[in-house]
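To start, the structure under review is shown below, and the notes come after it.
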Amino acid sequence: MSVRQVILAAVAIAAMAVAAGCTVRVGGDEDDDGARLFGDGVTLQWDLTRPLEAEALGLPADQMVIVDVPDDPTVSLTLPTGTWSGRTEEMTVTTRHGFVDQVNLFWTEADGQAAADRMVADAELLGVDAAQVAGWAESARWAETADVNVTRHEDNYNGANGAVSTAIKPTMTIGEGDGTPVRLWYLFYVRDVVETAG
């Protein structure tokens, strides 16, 4: 287990519930890495167009929870105009005042072009500018061989799908040559969904 996983596991808490067909366990045994939202399967399906109550999910009312992600998982998130589906390597869920407030997904693409292709494919659904995210491929090519006094190259693309705000944040190491992996962070921010329903 990496140091990062140990730190992430340390912030998880203990609880258990069943909601939307998924077993949710936050914290638990010493060997656990985090919340188990995927149950016995490898698919997580949430409808972000309606408020998700933390208590019904067995989650704390105001806390970030680290998710125990299984091998080869698929996450499907229903948005006002369609469903986003994809894989993830890491996931966090943040609750606020008793409701899910943010869903954060993290995974690695092989290189800058692969990251740009994925972001462009998701652009319309996530309400971000497709031309801007397509430009990441060129930006990443520069970063692969740049000789600058910084270690990370990152960007931020904000968007929205109805009341669900979104952000895509690619990050890569600078100066490591062709094929440098790109870490993608997709953020789904649902506070407006909760406040509109209230």
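Key figures for this structure:
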read-out	value
Breaking point among (1) under 30 Å from residue 53 (Cβ atoms); (2) at pLDDT below 95, for residue 146	(1)
Hey, residue 30 at pLDDT 90 or above, more than 27 Å from residue 192 (Cβ to Cβ) and open to solvent by 20 Å² or more (accessible area, probe 1.4 Å) or not	no
Options 70, 60; residue that is of a type outside the set (A, V, I, L, M, F, W, C) and within 17 Å of the chain's Cα centre (by Cα)	70
Segment 78-99, residues that are among the aliphatic types (A, V, I, L, M) and at pLDDT below 95	91, 93
Residue in segment 172-179 that is part of a strand (DSSP E or B), over 18 Å from residue 75 (Cα atoms) and at pLDDT 95 or above present	yes
Matching residues in segment 73-89 - criterion: being over 12 Å from the mean Cα position of the chain (by Cα) and charged (D, E, K, R)	none
Conditions (1) closer than 27 Å to residue 59 by Cβ; (2) without any contact (Cβ under 8 Å) to a residue 60 or more places away in the chain: number failed by residue 101	(2)
Qualifying residue in segment 106-122 (condition: open to solvent by less than 60 Å² (accessible area, probe 1.4 Å), of a type in the set (Ser, Thr, Tyr) and in contact with a Lys or Arg (Cβ under 6 Å, 6 or more places away or on another chain))	yes
Residue in segment 147-167 that is surrounded by 14 or more Cβ atoms within 10 Å (Cβ to Cβ), of a type outside the set (A, V, I, L, M) and in contact (Cβ under 8 Å) with a residue 60 or more places away in the chain present	yes
Filtered residues of segment 66-100 (kept if of a type outside the set (Val, Ile, Thr) and open to solvent by less than 30 Å² (accessible area, probe 1.4 Å))	73, 76, 77, 79, 82, 84, 86, 91, 98
Pairs, first within 20 Å of residue 150 (Cβ to Cβ) and free of Cβ contacts under 8 Å to residues at least 40 places away in the same chain in segment 176-192, second open to solvent by 10 Å² or more (accessible area, probe 1.4 Å) and outside any strand (DSSP E or B), C-beta under 6 Å, six or more apart	177/144
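Results for (1) touching a residue at least 40 places away in the same chain (Cβ under 8 Å); (2) part of a helix (DSSP H, G or I); (3) of a type in the set (Asp, Glu), shown as yes or no for each residue.
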site	(1), (2), (3)
106	yes, no, no
118	yes, yes, no
140	yes, yes, no
143	no, yes, no
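The values are calculated or read from the model by the stated rules, or taken from the named source; none is laboratory data. Note that the structure is a prediction, hence the values are computed from the model and not measured. Counting neighbours? That spans all protein chains shown, and the Cβs are built from the backbone with ideal geometry, glycine included. With ligands, DNA and RNA removed, areas are computed over all heavy atoms of the protein, side chains included. Shrake-Rupley method; radii C 1.70, N 1.55, O 1.52, S 1.80 Å.
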